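A.B. asks: After the structure tokens below, expect a handful of questions from me.
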Amino acid sequence: MNAGVAITAVAVVSLATAVIGFYGLRISRTTGDFYVASRTVRPWWNASAIGGEYLSAASFLGVAGLILLSGTDALWFPVGYTAGYLMLLLFVAAPLRRSGAYTIPDFTESRLASRTVRRVTSLVVVMVGWLYIVPQLHGAALAIRITTGLPSWVGSVAVVVVVCLTVAAGGMRSITFVQAFQYWLKLTALAVPILFIVFVLAGQGTQPLAPAAVNPTGAAPAGPYQNISLLVALLFGTLGLPHVLVRFYTNPDGHTARRTTLIVLGLLSVFYLFPTAYGLVARMFAPDLARSGQPDAMVLRLPGEFLGGTAGSLLSALVVAGAFAAFLSTTSGLVVSLAGVISQDVLGGSVRGFRLAAVVSAVVPLGFAFMTDSLALAGSVGLVFAFTASTVCPVLLLGIWWRGLTDTGAIAGMVTGGVLCGGAMIAGSLALAGSGQTPAWLAQPAAWSVPTAFAVMVLVSRATAHRIPATMPRTMTRLHTPERPLATGR
């Protein structure tokens, strides 16, 4: 596609993001505005913002690329991403909102009455956030290189600069407006081009080059263990994502938190129809894209593959704009959640501390992105979900629903899950670099690392039952006592 058109699309999205972010600055005045938008975000706004930050590079580019490569095996990703929100609705959304905490470390400290638990949770949350930001920066680098011909680092740096400006300017209230806008931009950027492509193919009577069931790469399909492990990672990992959980603190009450989650389920279900369509169309009509070595770039290339001239360039520019919005929105959400944790634990919790923490939260993963190579986006994000499911998820679920959790058990479970899953990720990378193949139990560790983390947390808590905090009954009552919805107009 035309490089000038692509650069213009990226510039327009970045400018729109900055303008909306600075609009949020006009109404961000208090510390509560920066951390949780003063808990006044209504369900539709919040659901759109959650969709904006949750639908990352893996959702916009990676899912379609995996469907191109793997067919129905890749459908576990959109199913898992969406079903994870159903678990949020059932087990986490309202109790977490009632906790009164600003961040996940706030919750664990309040629930377990332990500063040590807070420190360990903070460290884990920061690690999860940085691990998740790196694939977004890899995606931006790929998109910029493919569509403009500019060096890869330009895309990563552009994302970090725009995110730092918008987050530091207006905090959570500002980012809420930005991410809601970006969800609808991403949906439009995927929906419009694929509809044009389908209409053109139907109008011309184009015959598929291969049935959808044919594997264009000849790679072996995933086995039952890999699919089960991936689903465990996606379902339980969603419950521990810090940038998603912090959104439930911004609702006025538990009732609106549950409504927000229901709306998100609908928004995600609609969105994932379109990456699936891209993958199927490319698999049947453009299987050569699977052998290009860059399946994640397929969504960016498909409009130009079928539509030429001005229409093809404009639709390609729309896809590029949506992709860049995906990188910006997810990175923004992660930086907001990490800045909240770092500023409260290290910098005193002030607005100035939040802004400094936001810059640190974005710049550190930029360094990691420069030192690492981009893998399949959906696959790398799936590993982040596995790590989150092995660390943050157990302490949240057990902290909300089990009275017997202790601070020692929580720490033991998080450390065990983090070491096992992190070790598997490192060993898998070394095996891939050495032999070109990774054993299934290392490539997808969630099936054994998540149950182990839960088991260790329960067993150690039972062995240290004398450490159950005296405040536990009062805390559990607050978590599970329904709130009264705010009166209209308040």
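The values are calculated or read from the model by the stated rules, or taken from the named source; none is laboratory data. These figures come from a predicted structure and were not determined experimentally. Positions of Cβ are backbone-derived with ideal geometry, glycine not excepted, and every protein chain shown enters the neighbour counts. Accessible surface is based on the protein model in full, side chains and every heavy atom, while ligands, DNA and RNA are left aside. Shrake-Rupley method; radii C 1.70, N 1.55, O 1.52, S 1.80 Å.
A.B. asks: Tell me the accessible surface of residue 478 in square angstrom (1.4 angstrom probe, heavy atoms of protein chains only), to the nearest ten.
C.D. replies: Residue 478 exposes around 90 Å² with every protein chain in place.
A.B. asks: Using 0.36 nm per residue, how much length does the chain from residue 478 to residue 204 gain when fully extended, once their Cα-Cα distance is taken away?
C.D. replies: 92.4 nm
A.B. asks: Quick one: length gained pulling residue 364 to residue 470 fully straight, 0.36 nm per residue minus the C-alpha distance?
C.D. replies: Answer, rounded to one decimal: 34.2 nm.
A.B. asks: Also, I was wondering about something else. Pick out, from 139, 101, 123, the residue whose Cα sits farthest towards the positive end of the charge dipole of the range 98-175, with +1 on the Cβ of Lys and Arg and -1 on the Cβ of Asp and Glu.
C.D. replies: Positive-end residue among those listed: 101.
A.B. asks: Could you sort the peptides 72-81, 126-135 by per-residue average Cβ neighbour count (10 Å cutoff), highest mean leading?
C.D. replies: 126-135, 72-81
A.B. asks: Another one. So with the 1.4 Å probe, I'd like the accessible area per residue for the chain, rounded to whole Å².
C.D. replies: 37
A.B. asks: I would also like to ask the following. Nearest 20 debye, what's the magnitude of the dipole of the range 282-360 about its Cα centre given +1 on Lys and Arg Cβ and -1 on Asp and Glu Cβ?
C.D. replies: The dipole magnitude comes to about 120 debye.
A.B. asks: Sticking with this one: For the peptides 42-54, 379-391, what is the packing order when you average, over each peptide's residues, the other Cβ atoms within 10 Å and list the highest mean first?
C.D. replies: Put in order of decreasing packing, that is 379-391, 42-54.
A.B. asks: How large is ³J(HN,Hα), in whole Hz, for each residue of the range 458-463 in order, when computed from phi with the Karplus curve 6.51 cos²θ - 1.76 cosθ + 1.60 and θ = phi - 60°, using x for Gly and Pro?
C.D. replies: Couplings: 6, 5, 5, 5, 5, 6 Hz.
A.B. asks: How far apart, in nm, are the 7 Å Cα→Cβ label points at residue 419 and residue 8?
C.D. replies: 5.7
A.B. asks: Given a Förster distance of 35 angstrom, what is the FRET efficiency for residue 441 paired with residue 86, based on the Cβ-Cβ distance and rounded to 0.05?
C.D. replies: After rounding to 0.05, the efficiency reads 0.80.
A.B. asks: For the range 51-59, in order, what is each residue's ³J(HN,Hα) by Karplus, 6.51 cos²θ - 1.76 cosθ + 1.60 with θ = phi - 60°, in whole Hz (x at glycine and Pro)?
C.D. replies: x, x, 7, 7, 7, 8, 4, 5, 6
A.B. asks: Same structure again: Once amide H atoms are placed 1.01 Å from N in the peptide plane, what residues at a sequence separation of 5 or more from residue 349, or on another chain, have their amide H within under 5 Å of its amide H?
C.D. replies: Those lying under 5 Å, H to H, from residue 349 are 344.
A.B. asks: Quick one: dipole size for the chain, taken about the Cα centre, charges +1 on Lys/Arg Cβ and -1 on Asp/Glu Cβ, in debye to the nearest 20.
C.D. replies: Using Cβ point charges on Lys, Arg, Asp and Glu, the chain gives about 1520 debye.
A.B. asks: What 222 nm value per residue comes from the helices of the chain, counting each DSSP H run with n ≥ 4 as -39,500 (n - 2.57) and dividing by all residues, nearest 500 deg cm²/dmol?
C.D. replies: It comes out at -25500 deg cm²/dmol, rounded to the nearest 500.
A.B. asks: Lys and Arg at +1, Asp and Glu at -1: add these up for the other residues within a Cβ distance under 11 Å of residue 65 and post the number.
C.D. replies: Value of the local net charge: +1.
A.B. asks: Starting from the eigenvalues of the Cα gyration tensor, five times each then square-rooted, give me the equivalent ellipsoid semi-axes of the range 262-365, largest first, whole Å.
C.D. replies: Its equivalent ellipsoid spans semi-axes of 38, 16, 13 Å.
A.B. asks: While we're looking at this one, here's another question. Arrange the peptides 339-346, 111-118, 365-372, 175-182 so that the one whose residues have, on average, the most other Cβ atoms within 10 Å appears first.
C.D. replies: Going by the mean number of other Cβ atoms within 10 Å, highest first, we get 175-182, 339-346, 111-118, 365-372.
A.B. asks: With r defined as the distance between the Cβ atoms of residue 154 and residue 352 and R0 fixed at 25 Å, what FRET efficiency is calculated, to the nearest 0.05?
C.D. replies: Using R0 = 25 Å, I get an efficiency of 0.25.
A.B. asks: With a 1.4 Å probe and every protein chain kept in, tell me what percent of the accessible surface of the chain is carbon plus sulfur.
C.D. replies: Reported share for carbon and sulfur atoms: 69 percent.
A.B. asks: What's the angle, to the nearest 10 degrees (0 to 90), between helix 254-285's Cα axis and the longest principal axis of the chain?
C.D. replies: Taking Cα atoms only, the helix is inclined about 30 degrees.
A.B. asks: Follow-up. Hey, what do the phi angles of the range 323-334 turn into as Karplus ³J(HN,Hα) couplings, whole Hz, using 6.51/-1.76/1.60 and θ = phi - 60°, x for Gly and Pro?
C.D. replies: Result, ordered by residue: 4, 5, 5, 5, 5, 5, 5, 5, 4, 4, x, 5 Hz.
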